[in-house]
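Asks: Got a structure for you, written out below as structure tokens; questions coming shortly.
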Amino acid sequence: MKPMFRSYQTEEDYWRIREFLREVFLLNNCYERSWHVARLDYTRQHILLNCTKLHLDDVAYIGEVEGKIAAFIVADGDLGEAHFSVHPSFRTPELEEEMLKVAEEHLSEEINGSRSLRLWAVDSDKLRESILEKHGYSKQSWAECQWRCKLDQPIPKAQVAPGYTVRSLGDGLELLERCYASGLGFHEGDIKYAIENRDDITWYRNIQRAPLYRRDLDLIAVAPDGAIAAFCTIWFDDVTRSGYFEPVATVPKYRRLGLAQAVMTEGLHRLQQMGATTAFVGGFSQAANSLYERVMGPEHELYVPWEKKW
């Protein structure tokens, strides 16, 4: 049967989508053929709520067959892009065509009278690539590297620079410093982001309210003077027994000390102790991907953007 698409509407939709993503992830043998459930949590609680000030009912669409979710379409932030998650039992060329139609109608961005849309496909997904090419989309030269680490093997011990410690994030003043470090880590050379992050920590409290958030997996590397030098947050889903790293960063003055590698490695150990079987992280830059390969190992796939303007 042909799925009927509608916009995201209620909180009940959110929990149904989470259940759908978990089911699809397991059916795909824990490969990222769809979004990890942590990515949905992080997008809703940070990208949308804190950054673009939108909500899922602005950027998400559900395709249903007899009350069962067959497909999910969402923009990771603002209009102009879309990510597809499809239940393997319902996947057909016709469904891919319908998702494309919905995305172009509702998620494309209009600028100066023309429209544009970026869609994403795993590099091995020849069905989606052929449909995108047929509809005038162009494959871009850049991609997200989706790194994965199997946790059924020994994980090397985290090597921490002398005088530094790796541990879970505290609260109170340390939460303020974590917010400050985030601004420094992601906006190098512009101190105002760090100050704004620390002055109003509502944005971090929003993240901490995500269903998968755990303080014991919100890790920091602390410098000898008590400053937060590097950090990573790990999202553990016990249903799929998988962990997802987002975000990972080091404050510029503390780079090249192996601190990001140390916090990630500690995170892998904690995931392993919790019974996780796989861990994931996505990277775009050369520096990030070099780090992730050292920590996660060589296994990865490319998640490639395709773009069209009309």
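Asks: Of the peptides 198-208, 90-100, 17-27, how do they stack up when ordered by the mean number of other Cβ atoms within 10 Å, highest first?
Replies: Taking the mean over residues of other Cβ atoms within 10 Å, the ranking is 17-27, 90-100, 198-208.
Asks: Where a ≥ b ≥ c are the square roots of the eigenvalues of the C-alpha gyration tensor, would you call segment 46-117 rounded, which needs a/c under 1.5, or, failing that, prolate if a/b is larger than b/c, or oblate? It would help to have the intermediate numbers written out before the result.
Replies: Values: a/c = 2.72, a/b = 1.46, b/c = 1.86.
Oblate, since a/c reaches 1.5 and b/c is not below a/b.
Asks: Going Cα to Cα from Lys308, which lysines come in below 23 Å? Please leave out same-chain ones fewer than 8 positions away.
Replies: Partners within reach: Lys101, Lys126, Lys134, Lys139.
Asks: Here is a follow-up. Would you work out the relative contact order for segment 165-276, in percent, from Cα pairs under 8 angstrom that are 6 or more residues apart?
Replies: 25
Asks: How high is the relative contact order of segment 76-218, in percent, counting Cα pairs under 8 Å that sit 6 or more residues apart?
Replies: About 15 percent, as a whole number.
Asks: Could you give the angle, 0 to 90 degrees to the nearest 10, between helix 173-186's Cα long axis and the longest principal axis of the Cα atoms of the chain?
Replies: For 173-186 against the chain, the angle is about 60 degrees.
Asks: Highest GNM mean-square fluctuation, the chain, Cα pairs closer than 10 Å: which of Tyr164, Tyr42, Tyr180?
Replies: Ranking Tyr164, Tyr42, Tyr180 by mean-square fluctuation puts Tyr164 first.
Asks: Next up: Tell me, what is the percent relative contact order of the chain, built from C-alpha pairs under 8 Å that lie six or more residues apart?
Replies: Value for the chain: 22 percent.
Asks: In whole Å, how far is the Cα centre of segment 66-121 from that of segment 5-36?
Replies: Each part's Cα centre sits 14 Å from the other's.
Asks: Follow-up question, since we're still on this one. Roughly how tilted is helix 259-274, in degrees to the nearest 10 and between 0 and 90, from the longest Cα axis of the chain?
Replies: Once rounded, one gets 70 degrees.
Asks: Using per-residue counts of other Cβ atoms within 10 Å, averaged over each peptide, order 231-237, 266-272, 7-13 from highest down. Kindly include the intermediate steps, with their values, before the conclusion.
Replies: Details: 231-237: 24.3, 266-272: 20.6, 7-13: 13.1.
Taking the mean over residues of other Cβ atoms within 10 Å, the ranking is 231-237, 266-272, 7-13.
Asks: Another question, then. If the cut-off is 24 Å between C-alpha atoms, which lysines fall inside it for Lys53, apart from same-chain ones fewer than 8 positions away?
Replies: By straight Cα distance, Lys53 reaches Lys192.
Asks: Sort the following peptides by mean Cβ neighbour count (other Cβ atoms within 10 Å, averaged over residues), highest first: 248-258, 138-148.
Replies: My ranking of the peptides, most packed first, is 248-258, 138-148.
Asks: For segment 169-310, what does the alpha-carbon gyration tensor say about shape, rounded, prolate or oblate, given a ≥ b ≥ c as the root eigenvalues, a/c under 1.5 as rounded, and a/b over b/c as prolate?
Replies: Rounded, because the longest to shortest axis ratio a/c is under 1.5.
Asks: How many percent of the alpha carbon pairs in segment 146-252 exceed a separation of 25 Å?
Replies: I get 24 percent for the Cα pairs in segment 146-252 exceeding 25 Å.
Asks: Ok, one more. Net charge near Glu307: determine it from the other residues with C-beta under 10 Å of the C-beta of Glu307, scoring Lys and Arg +1 and Asp and Glu -1.
Replies: Every neighbour counted, the sum reads +3.
Asks: Compute the helix-to-body angle for 286-296: its Cα long axis versus the longest principal axis of the chain, expressed 0 to 90° and rounded to tens.
Replies: Once rounded, the angle reads 80 degrees.
Asks: Per the helix-only calculation at 222 nm, which mean residue ellipticity applies to the chain, given -39500 (n - 2.57) for every DSSP H run of n ≥ 4 and division by its residues, nearest 500 deg cm²/dmol?
Replies: Only helices count here, giving -10500 deg cm²/dmol.
Rule-based calculations on the coordinates, nothing more; no lab input. Model, not experiment: these values are computed from the prediction. Note that we place each Cβ from the backbone using ideal geometry, even for glycine, and neighbour counts take in every protein chain shown.
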